[in-house]
Structure formats: structure tokens, C-alpha cells
Amino acid sequence: MSPGVIRAYILKEFRELLRSRLILIVYILPTMIIILFGYGIRMEVTDARTLIIDNDNSTISRDLSARFEHSRYFDTRVTSGMGEQEALKRIKQAKVDILVIIPDSFEKRLLHGEKTEIGVFIDGAFPVRAATMQNYVKGVVYDAARSLTDKKPTNLITVNNRNLFNQAMRDEDAIVPGLIGLILLVAPAILSALLIVKEKEEGTIFNFYSSPIKKSEFIVAKLVPPLILHTVNIFILFLWATWLFEVPFRGSFLLYWAASQIYIVISLGVGLLVSIITRTQIVAIVLTIIITIIPGFLYSGMLMPISSMSGESKIEAHIYPVMYFNHIIYDTFLIGQGLDSPKNRLYLAILFFYAVFLILLGSRLMKKETA
Amino acid sequence: MAELEIRGVTVKHGGITAVKDASIYAERGEIIGLIGADGAGKSSLMHAAAGVIRFEGEIVFGGTSFDSPREAERLKPKIGLMPQGIGLVLYKNLTVSEHLSFFSKIRSLKEDAALNDYKQRLLKMAGLERFTERPAGKLSGGMMQKLSLICTLIHRPSLLILDEPTTGVDPLSRLELWKILEEISESEGTVTLMSTAYMQEAEKMDRVYLFDSGTIIASGTAEELNETVKEYVYEPVACRSDRCIAAGHYTYSLDPLEAPHKEPTLEALFFINALKRGVEIPEIEVSERESEEPIPQVVMEAKGLTKRFGDFVADDHIDMELKSGEILGLLGANGAGKTTFIKMLLGLYPIDDGELVLLGRPIRSAKDRQGLKARIGYVSQHFSLYKDMTVRENLLYFASMHGIDAKKASSRIDRYAKELGFASYMDSLPTELPLGINQRFSVAAALLHEPVVLFLDEPTSGVDAIARSQFWQMLKLLKRKWGIAILITTHYMSEAEYCDRVVLLKEGRKVADDSVENLYKKHPAAKSFEEIFLHYYEDGR
Amino acid sequence: MIGTFFALVAKELIGFFRSWGLVAVVLYSFTLDIYITGAGIEMQAKNIAVGYVDETGGGMSGKILSRLHMPEFQKPVMFTSREALSRSIYNREIMVGLIFESDFEKNLKKYGRSSIDMLLDSVAATQSFQALQYLQNILLGYAHIGIPVELKIHKLFNPNATTSQFMAMAEMLSVITLLGVILTAALFVREKENGTWDIMLLMPIDPKLIILAKSFSQVLIIMGGVVIATGIVLFGVFDVPINGSIAAFFLLSFFYAFTSAGIGLFVAAVSKSMLQVAQLSILIMMPLIFLSGAWTPIHAMHPLLQKLSLISPLRYYIEGSESIFFRGTDFTDLWSYFAGVIVLGSVLYFYGFRKIGRLF
């Protein structure tokens, strides 16, 4: 390999990237994704729009309403005298998430020690939220009820839970590290595929075909610019995660960096393979997105822990490199075992293997000739 | 043994044989021409010689033989390839000087004073020394081709392969390109393989190979080749058999005619070959217009039309008049403002200054144009038709855009197809057709609504001699039978002679506007129209 | 006029069906892609990996463990020491670790109450939270509390509460957006690149008609996809309920497809090449899809994003579709969604007409 040739090619790539403003995409896209997802995705339910119809209007019912009002989980409005049908319509119009109906003579029956019933209606269109809201409502009502009775419960088992890694159960901590994995998989692949396919589509690829430039030199020249540019993103994304989203960082920065760097190479390998089988830029972009985003999401552990997978999806998760990287990335942010853990060492080795394998496969399949 | 020997080379593209058993040889310093219709296999053979495509057979250059792209790697330092397509190998965002330095670096040339001198020499030869800081995307077509050429020459290749480097390039740039080429061949002993659509260029070459449907059917020097067809070439007379064809200033006939013989050019080769092979060259016909709508005397009148792109003035106060029954040739170098001018006339670019009257109506806003659209026909530079529809579907589509009812449209389309000679291609996709057929069928699309004025932007670039002659036949008939006005741009100066009047643009200004005869009178020394053209351009240089 | 319109539409449809690659991508997107998303993305905690250390010697602990079963939990794995359990959690093989201390059962018998130590991998916060709630509910079942209040909870609209149904629907809406924008933008930019657009502008037809007809052809393609996706994937595979009017949904989809084609028109108007189309589409579509409420209800977002989401037509479409499919909202109550989609669409077409549909 001749360093002079590679240097000239790389210089050319940088000039073109700058002048075609493609470089904007390199830096806008990752930041945009992390900010949009980071702020936009809230798994945790807060401020559920709650309508309480208090048909009793007694001390106890007002106390119960107040408990809803004081909880950050609910955004409560209390009214009385609204009909059930009218209230249900509000849910249909998507103006209310939860409807709580306190019957009249609620207090009276309670004081007489009689059973009483509170009606709750929950908008179940979005199932996860519905399940969570249901539990919140249960919690508030049972808490209130317990304080009313002096009977000691028996056979009660409580849970002393210690939340590991994400003590406050923050969505940001859960999602943002996974996003870094998603971005570092998608963005470098798109860029490297584009840089090669652009030359094919425009015809400048003939300069490579007809000159003595070696295949290896061409590949290095095409992959180094995205590698350098996206390496900067490793740091930018780290800053967004820790500074903007205040995700803790408990592990080794060096491990984070090294793993990300290897992961970018894997992504470049994917881009290289895409560029071999496509001829136009638009197809290259669409194909890259299709084959990276869905696995990038599914196997990131962002939504579902790998340990909860079974059957095919567990096998698939082990085939894509996504899982290995995300394991390490969550470790560096939230867990902090670093290279002391044999599993992290193994996964790092697997990533390295993937990187080498994909690049070698790409160089093998690329042809220095026109069809 | 010759410096370059191509022995029995066959190239296949996905099952289709593009070149079959082609053999070519060349000595040091020779310029070898490849001619033939579009799709005849020239490009494929050149790609094989440049080692960028797989092939069967053997190629030997300078004693080194190869039979695959992989084997050719050893020779690549010595080879320079310029593939077909204007500015194809250039990076639009890089400047001229950045190109030179990129190409010299990827060729691992030693950066020394000698290389620097050589670069300067190339820049000067290409007339690009004043534009070193301009991005390639902003150069005119001719400048792009010259830049591509000097980038291909930077490593002093001993085998230079140029695929139609002069198509779409104006005469002046073509001349400069040739100068560079001849100088290099002379001083470096370079072997050059070059395809071209300009027969005047082919005549300057050391040896010419004629391609037809993937095979080489004739070869030799221009004189040798002309000698073989001499007996069939006559002064223009009418034909009476299908073994004869009249084309422009010549008549070609396999049977003896009662007419004086005429000295042939290489174009004759195409016609005689077609006649001999019994290829039917359809006689172009045009029937009368169906519409009885009168045509105004003055179809277009422009006063001081001006178009600016930022600081750059593309068209600078141009006056022009176009009358009915007139073919007006708009000539000029690449980037002189011809296409911009036509686009202003059509309303595709806003007019920055000046007045325009079209078909008697002053044009001040888009509204003024609405009613005129039905009377204007336009064929753009690249025959813009839909590639995913067959010829018939394209034509029916355009007919319905013009609101022509289906029955009338069908009969008109069939008539055009027959008269303009593309009836047998009606159910093919445009991408499967030779350029010449595409060209005539694009014009048919522009004629469906029987316009009174036709704007044609470089309709003949890259089209072979037979198709071009048929094309002009069609234009002349349109003029005579329909009496419409035609504005056409072209880089073939021989075609200018078919025009009633020519307007010459230079750097956005009009420098001549006269009939061809008058121009010949003004320049008595000129032997061809090309010389007249060059005269205007060399002035003030 | 009408004839011309349909000639334009027919031409685009011919072109579409001739490019089999495109047909394949569209079919894939409307079937397999929606299926994969619906089947694959699960936000409800399921199949949770549980490990335990039991220092009691069975009894109550065994009873509790036997209640941890599918679909919520995998079969609990026994560990011999807390260290081993903890290591496994740190290696993220186990999500929930339960420790029954030696005096667990004794305390329960003696004092009527006892507690379990739980180590919870809370990286995936929502899932962990749900795991905790599952467990608490199970344990609550053993307690005799004697609360006099009974809760009667009705989960409306999606009583079986499967995420698949919701995700499949949301993904279909994203696919409509994606294809609506890209197909239309590509259509116009390809004409610009090939120079056919100039020819079209010179036809004696109002360019607005051409633009509308071309967009309409893409709307038809998308509506075809919507019918296939709704019929086969949503109803056929995932059994999505339809509580409102299916006609209302198709009508809303039709307008929305037009609006997303309008976004494509906008992209085409400001792009010069396919590369720019691709870049711009990504930059516009990402926020569009994630501000739509498909992943998080709008009112739970950052206030600034909430404001921004007002100009996302997908927001109105998703809320509207959710209401039609799940909530069964009356047609008359859907007007705001229709209005949102139509107003935004009109603005886009107004811009598109001015920018690429005129001569000078």
C-alpha cells in the first residue's frame, strides 16, 4: 500500500464532503437522533390526564382526590355531577387517560364498615401505559384505604428491592446508551456506502478501475474519512449522554472508546457490503437503513433485555453484532465492571472479530472492474 | 510485433455479446480511430483494452499480455482511460488544480519541478490556466472534456484510451483537444485508441476501425477506406431503387448512376455498409399538417434578452428574430449561452432583462405563455422521454397531455412512426433503442400537437451519420411542408450549412447573424463552415 | 381535463409496476416490515429471567416461586450463593434476583409479615418497573389485608392489551409516511434530473394539475398498501380491533397520504439530486416519526417538543387512527384530526406549486 496514494484520496474525500455539505449530515444526524429519542421517548408514565368524578364530596373522598392531585403520576381534575357517558366520551376523544368514579355514600358506607366500589376506566389503546396506569391507581387507592383502617394486615410479604444500575429507573439511563449504539451502527454505514456508491453512480469510479490503485488502498481511502469523522461522534454523543441527559458513567472511558471505535469499523463494513451490491445512492441509503435500524433497535436492550428473549429472537440477537456492543456500552455507563468481567472481554473480542471479518469479506467481494 | 495487439477479443454484458472476436493493432505514436453507430461495441472493446472489464481473448501491450482485469493490473501504470460522458471522471466539487494534484498523487508521480512544468504545459494546452481555481462542476462541457483529458495524460500513459472525448464538444475545444493529442503522440510515442462521432476527426487518424453490431467490418487508413467505397459515391441526385440513398450533399448507390462521382468522406462508409448489408434505411417522409391554423410571419422576436447567474452573465443583451419557414442554427462554444437562451424563450428560466415577443404576443408573465404552449414544440439536450414506458406509450401520453383525442392521436402516431422510420420500435423501451431512433421519436413527441415553432437543443450529439442525415431530411421536409420555424443548436459545423441562417454566440454575446451564403462571402478564404466559426472565435484571442 | 388527469396518473402507475424493485420494497414495507415490528418490539415485560437463592429450605418460598411462570417469567433459576446470583445479574443474564433469607418464613409465621430481598437489573427501566409490579401483585395475593374498598378497573378499547397490535398499527403509519415522502420526492426529482420535468411544464396544462395527478398516483399506490396492510397484517395476523368506522380510517389515510406526498413535494422542490432527497428525507422524517406520539404520547413529551409536534401531520394522523381503531371515537369527533392533516397538506402543496410548478 502506498501512503501517498491513500493520503491523496482521503484528502479528496474530505474536500468533497466539506463542499457538498454532506458533512452536515455526519454531525447533525447523530445529535438529532439522540436528542429526539432522548427527549421524545418516555416509557415512564407521568402526568396521566385523570378525571375524578366525585359523587360523594365527603372528607374521605376529597382526601382520596387530593392523593391523586399530589402525585406526579397524575394530572388530575376533580369534578362532580358529570355523567358517566359524558366522561367516557372524553376518553374516546383522547382528552382523558384515566377516569375515576367515586360513588355517592362512599364515606358513609366506609364508616359503616360496608364494602364499597370505586369505578376506574383506563384508556387501553397504548397497552404498556395502560398497565402502568392501572398499577398507579391501585397503589394510590390501596394506600389511602389502608390508612383508613386500623386492622393490621396479616401474611404480608413486602419486597426490599435494590435497583441495580439504574437506581431511579430513569428512562434516559435506559435509552440513551442504547441510542449511541444505534447511531454508531447506522450513521457510519450510510456514509461509507454513499462515498463508494456515489463514485459508481457518477462514473468517477473509473479513476479507480483504470489506475494502478490497489483495491486495499481504495477501501482504506474510502473508509478512513467516515472512521475519522464518526470517531468525533463517539465523544459528542458521550457528552450529550452525560451532560444533557445526565446519564451516569461508571465504567472505563477507554473501554467505551475502544468498543465504539471497533463498532464503527463494523458499521463501515456493513456500508462496504451494501456498496458492493448497490449501484445508486438512493438504494444504498434505503438498504442500509433497512438492514441496520430494525436490528439496531430490537437487539439493543433498550426496549427489551436480551435475557428476556427466547427462541429465534435469542439466536438472531446472537448473530447480529448489536447485542455485544450494547452489553459493553451499558456496562460502561451504568454497571462499571469494565474489563474485569470475562463476559465483557469475550464480547469485545467478538466485536473485534466481526470488524475484521466484515472488512475482509468486503475487500474480497469488491471487484475492480465494471459490469 | 506491434506495440498494442488486441487479439480476438469478445466482451459479454450479462449474456449479450457486445463485441465479438475483435482484433486491432497499433504501433508506437499511432492514433487509432474506432467508429460505428451507437451500441456497436466500441466502448466495450475500449474497456477491455483498459483492463476494466472481463473479456475473452488476449491483449498484448508493449510485450506484456493480459486476459483479465486482474492480469491488466501490471499495465495500469502505463494506461490512461477516459470513459464516455462529459466530465464523467471529474469530481464536481474539486477545482481544476485539485484535480491535477489528485491525479498525479494517485499515480504516485514524483512531485518535482519537471512534473510542475508538465502540469503547466497541460493546463496551457487545454486553455485552462486561467481557471485553475474553478470547481469542475462549473466548467463548460468543452472545458470539462479538456480537463478530463489532461487528467488522463498526467502520468504520461503510453496507452491512451479515449471514448468519444469530443462528443458534445464545440469545434474550438475539439481543435485544442486534438492539438494536445497530437503533441503527446509525437513527443511521448503514445498509442491512442479513440472513438469518435466526427468523421473529420477520424480522417486525421492513422488507422480507423469500423464497427457494426459488435464486429469490426472494415479497417485501414481514411484513404484506404474511402478508396473502397469511392465507386458508390455520387453528387446529389434522386434515388430510384432501394440500393441507393440520397443524404445531404451526397448520393450513395450500389448500382451505377448517371451522375458524376464525388470524393467520399468516411461518412460514406456507414451508408455503403448499410446498403450492402441490406439494412433498410427508411426514407423519411412528412405529410401536410392536419391543422389549418395560420402561422405568423415572425414567430419569435427577442430584444436585448439577458440572463445572469450571480455575477456571471450567461446571455448579454441578445437580439434575435425567427421567421416562419426558416431553420435558424444557433451556434457557439460550450458555455456560450445557447441552452440558456432557449430556456429563456421557453420560460424555464426567468428573463432578467429585455423583451420577448412569441407568436405575436409580448411575454411579461407566465400567464402570457399559457395559451402559447399548444403551439410550441421542444426537444431538450438529452431527449427527455420516460424510460419506463415504451415508445408508443410515451407518444400516447404526450398526445393526451396535449388533449388530442385518442383516435386522432393513434392515427397520427402511426403515421409519424412510419414516416420517420421507427415503426418497428414502437413497443420497445427507449433505453433499448439506438440513439438515432430515440432522437427521431423525441421529435415526433414534440410534433404531435403540430406546433408552429420547434426548438431543438443539440439534437444530433453522439448520433451516427446515417441517423443525422435522416434527421436533417426530416427538418427540411417539416420546413417545406409545414412551413414552421425551427431553432436548432449543434456542434456539427457541417450541419450549420443546412440552416437558412445562423446566429453565433460567444461568451453570451451575439457575434454573427447571417445566412450561410453571406457568411461564406464575408470569409472567402474559408474552405468549410468550421473555419468560419473558428475565425469568429479566434478573433480577440 | 379529467382525461388528462387520469392519463397522468395511469402513466405513473405503469412506471411503478414496471420497476419491480420498487414494488418489492413497497410490498415488503406494508407486510413483512409491519409484521416484524409488531411481533418483535415488545414493551410489555415478558419472559423475565429470574434467579433466586433460597436459604429457608422450601415451603412459602417454593409456593411463591411456583407462581412465577410464563408468560411473565421464565422458570426461576436456582443459585447457591448470593455472589453467584449477583454475578449473573451483573452479566445481565438474570434480570430479577430474589433472596429468601433464612428467617423469611419464621418471621412470616411469627409476626404476620416478612420481606424478600430483591436485586433488580433496572437498566431497562420500564420493564424492570413492571417486573417489580408483577411480583408485588403476586405477593399481595397472599396477604389478608381487609381493605373495604374494591377497585373495579375497566381497561377500555384494547382489553387484551397487546403491544403488538399497537406497534403494528404505529409502524404502518410510519411506513405510510416514509413511502409517501420518498416515493413522491423521488418521482419529481427523477423528472428534474432527466429533464422531463421541463417538458411537462411546457405542456398546455396547468402545472398544478400535473403535480396533483402525480401525487395522486403515489397516494393510490400507498392506499393499495394500506388496504393490504390493514387487511392482512393488522386484522389478519394481529387481530387489531376496529371500534370505529373503517371508512373514516381510510378517508383519513387518504388525506394523510396526500399530505405526506406534499412533504415529498417540498423535499423535491428544494433538492437538486437524489442524494439531497435522501438526506433531506432522513432529516425531516426522523423528527416527524418521533414527534408523532407513536412512541410516547404527545402530552408526556418535553414542552418544546409538544409545541413542535403541532406542525407534524403524523401527529394528527396517529391520534386519529388510534381513536378510530381502539377508542371507537365518533366520526364527528374526529374533525380536528382531519383538519390538522388537511391544513398542513394544503400549505405544503401551496409551496410546491409555487416552487416547482411554474414557468417564468
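Considering only residues of the range C:55-85 that are small (Gly, Ala, Ser) and assigned to a helix (DSSP H, G or I), which is modelled with the highest pLDDT? Across the range C:55-85, the extreme among qualifying residues is C:Ala84.
Answer yes or no: is there a residue in the range A:62-79 that is part of a helix (DSSP H, G or I), buried (at least 18 other Cβ atoms within 10 Å of the Cβ), away from chain B (no Cβ under 14 Å) and over 33 Å from the mean Cα position of the chain (by Cα). The answer is yes, given that some residue of the range A:62-79 is part of a helix (DSSP H, G or I), buried (at least 18 other Cβ atoms within 10 Å of the Cβ), away from chain B (no Cβ under 14 Å) and over 33 Å from the mean Cα position of the chain (by Cα). Within the range C:321-335, if we keep just the residues that are more than 9 Å from chain A (Cβ to nearest Cβ) and of a type outside the set (A, V, I, L, M, F, W, C), the residue that is surrounded by the most Cβ atoms within 10 Å (Cβ to Cβ) turns out to be C:Ser321.
Within the range B:191-289, which helices (runs of 4 or more DSSP H) (wholly inside it) include 2 or more residues that are under 30 Å from B:Arg415 (Cα atoms)?
Details: elements: B:199-203, B:222-229, B:267-276.
In the range B:191-289, the matching helices (runs of 4 or more DSSP H) lie at B:267-276.
Among the residues of the range B:492-541, those that are more than 23 Å from the chain's Cα centre (by Cα) and in a helix (DSSP H, G or I) comprise B:Glu517, B:Asn518, B:Leu519, B:Tyr520, B:Lys521, B:Lys522. When each of B:Val52, B:Val60 is tested for being assigned to a loop (DSSP other than H, G, I, E, B), touching a Phe, Trp or Tyr at 6+ places or on another chain (Cβ under 9 Å) and modelled with pLDDT of 90 or more, the lone residue that passes is B:Val52.
Only residues that are closer than 19 Å to A:Lys368 by Cα and within 10 Å of another protein chain (Cβ to nearest Cβ) were counted in the range A:181-238, giving 22. When B:Phe55 is tested against the conditions (1) within 16 Å of B:Tyr209 (Cβ to Cβ); (2) in contact (Cβ under 8 Å) with a residue 40 or more places away in the chain, the lone failure is (1).
When the test is whether a residue is touching a His at 6+ places or on another chain (Cβ under 9 Å), surrounded by 23 or more Cβ atoms within 10 Å (Cβ to Cβ) and of a type outside the set (Asp, Glu), B:Val169 passes it.
Restricting to the range A:168-209, name every residue that is small (Gly, Ala, Ser) and either closer than 15 Å to A:Ile282 by Cα or touching a helix residue (DSSP H, G or I) at 6+ places or on another chain (Cβ under 9 Å) (or both). Listed by number, the residues that qualify are A:Ala168, A:Ala174, A:Gly178, A:Gly181, A:Ala187, A:Ala189, A:Ser192, A:Ala193.
When you scan the range A:82-91, do you find a residue that is farther than 30 Å from C:Ser245 by Cβ, more than 7 Å from chain C (Cβ to nearest Cβ), free of Cβ contacts under 8 Å to residues at least 24 places away in the same chain and over 30 Å from the mean Cα position of the chain (by Cα), even just one? Checking the range A:82-91: not a single residue is farther than 30 Å from C:Ser245 by Cβ, more than 7 Å from chain C (Cβ to nearest Cβ), free of Cβ contacts under 8 Å to residues at least 24 places away in the same chain and over 30 Å from the mean Cα position of the chain (by Cα). Looking across the range A:26-50, the residues that are surrounded by fewer than 21 Cβ atoms within 10 Å (Cβ to Cβ) and modelled with pLDDT of 85 or more come down to A:Val26, A:Tyr27, A:Ile28, A:Leu29, A:Thr31, A:Met32, A:Ile35, A:Arg49. Taken over the range C:91-112, the residue count meeting the criterion of being buried (at least 20 other Cβ atoms within 10 Å of the Cβ) and either in contact with a Lys or Arg (Cβ under 9 Å, 6 or more places away or on another chain) or assigned to a loop (DSSP other than H, G, I, E, B) (or both) is 5.
Exactly one residue among C:Met285, C:Met274 is assigned by TED's automatic domain parsing to the domain that holds C:Met169, closer than 17 Å to C:Leu344 by Cβ and touching a residue at least 24 places away in the same chain (Cβ under 8 Å), and that residue is C:Met285.
Per-residue answers, yes or no, for (1) buried (at least 16 other Cβ atoms within 10 Å of the Cβ); (2) modelled with pLDDT of 90 or more:
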position	(1), (2)
B:Leu115	yes, yes
B:Met125	yes, no
B:Phe131	yes, no
B:Arg134	no, yes
B:Gly137	no, no
B:Gly142	yes, no
B:Gln145	yes, no
B:Thr152	yes, yes
B:Leu159	yes, yes
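Would you confirm whether any residue within the range C:23-46 is part of a helix (DSSP H, G or I) and among the basic types (Lys, Arg)? No, the range C:23-46 has no match at all.
Looking only at residues of the range B:388-417 that are modelled with pLDDT of 90 or more and of a type in the set (D, E, K, R), we find that the one that is farthest from B:Trp472 (Cα to Cα) is B:Lys407. Of all residues in the range A:16-43, those that are more than 11 Å from chain C (Cβ to nearest Cβ) and part of a helix (DSSP H, G or I) have Cβ atoms under 8 Å from Cβ atoms of residues that are among the hydroxyl-bearing types (Ser, Thr, Tyr) and buried (at least 20 other Cβ atoms within 10 Å of the Cβ), 6 or more apart or on another chain, in A:Glu16/B:Tyr91.
Take the residues of the range B:422-475 that are touching a residue at least 24 places away in the same chain (Cβ under 8 Å) and of a type in the set (D, E, K, R): which is surrounded by the fewest Cβ atoms within 10 Å (Cβ to Cβ)? Only one residue fits best here, namely B:Asp427.
Report whether or not B:Gly85 is touching a residue at least 60 places away in the same chain (Cβ under 8 Å), out of contact with any Lys or Arg (no Cβ under 8 Å at 6 or more places or on another chain) and outside any helix (DSSP H, G or I).
Details: touching a residue at least 60 places away in the same chain (Cβ under 8 Å): no; out of contact with any Lys or Arg (no Cβ under 8 Å at 6 or more places or on another chain): yes; outside any helix (DSSP H, G or I): yes.
No.
Would you check if there is a residue in the range A:299-311 being more than 11 Å from chain C (Cβ to nearest Cβ), more than 20 Å from A:Pro342 (Cα to Cα) and free of Cβ contacts under 8 Å to residues at least 40 places away in the same chain? The answer is no, given that none of the residues of the range A:299-311 is more than 11 Å from chain C (Cβ to nearest Cβ), more than 20 Å from A:Pro342 (Cα to Cα) and free of Cβ contacts under 8 Å to residues at least 40 places away in the same chain.
Across the range C:290-308, the number of residues qualifying as more than 9 Å from chain A (Cβ to nearest Cβ) and outside any loop (DSSP other than H, G, I, E, B) comes to 5.
Each row is one residue, and each column tells you yes or no for (1) within 14 Å of chain B (Cβ to nearest Cβ); (2) more than 21 Å from C:Ser19 (Cα to Cα); (3) buried (at least 23 other Cβ atoms within 10 Å of the Cβ); (4) touching a His at 6+ places or on another chain (Cβ under 8 Å).
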{"site": "C:Arg190", "(1), (2), (3), (4)": "yes, no, no, no"}
{"site": "C:Trp197", "(1), (2), (3), (4)": "yes, no, no, no"}
{"site": "C:Met200", "(1), (2), (3), (4)": "yes, yes, no, no"}
{"site": "C:Pro207", "(1), (2), (3), (4)": "yes, yes, no, no"}
{"site": "C:Ile210", "(1), (2), (3), (4)": "yes, yes, no, no"}
{"site": "C:Ser215", "(1), (2), (3), (4)": "no, no, yes, no"}
{"site": "C:Leu220", "(1), (2), (3), (4)": "no, no, no, no"}
{"site": "C:Phe235", "(1), (2), (3), (4)": "no, yes, no, no"}
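Flag: B:Ser187 matches the condition of being outside any loop (DSSP other than H, G, I, E, B), of a type in the set (S, T, N, Q) and under 21 Å from B:Glu27 (Cα atoms).
Of the residues that make up the range C:346-356, is at least one touching a helix residue (DSSP H, G or I) at 6+ places or on another chain (Cβ under 7 Å), of a type outside the set (A, V, I, L, M), more than 14 Å from chain B (Cβ to nearest Cβ) and within 16 Å of C:Ser253 (Cα to Cα)? It would help to see each step written out before you state the result.
Of all residues in the range C:346-356, those touching a helix residue (DSSP H, G or I) at 6+ places or on another chain (Cβ under 7 Å) come to C:348-349, C:351-353, C:355-356.
Add one more test, that the residue is of a type outside the set (A, V, I, L, M), and what stays is C:349, C:351-353, C:355.
So of that shortlist, the ones also more than 14 Å from chain B (Cβ to nearest Cβ) come out as C:349, C:351-352.
Going one step further and asking which of them are within 16 Å of C:Ser253 (Cα to Cα), we end up with none.
No - not one qualifying residue is present in the range C:346-356.
Among the residues of the range A:110-134, those identified as over 30 Å from the mean Cα position of the chain (by Cα) and at the interface with chain C (Cβ under 8 Å from one of its Cβ atoms) are A:Leu110, A:Gly113, A:Glu114, A:Lys115, A:Thr116, A:Glu117, A:Ile118, A:Gly119, A:Val120, A:Phe121. Only a single criterion out of (1) under 24 Å from C:Gly141 (Cα atoms); (2) modelled with pLDDT of 80 or more is not satisfied by A:Pro103, namely (1).
The values are calculated or read from the model by the stated rules, or taken from the named source; none is laboratory data. Computed from a prediction, not measured in an experiment: that's the story for all the values here. Glycine gets a Cβ as well: all are built from the backbone with ideal geometry, and neighbour counts include every protein chain shown.
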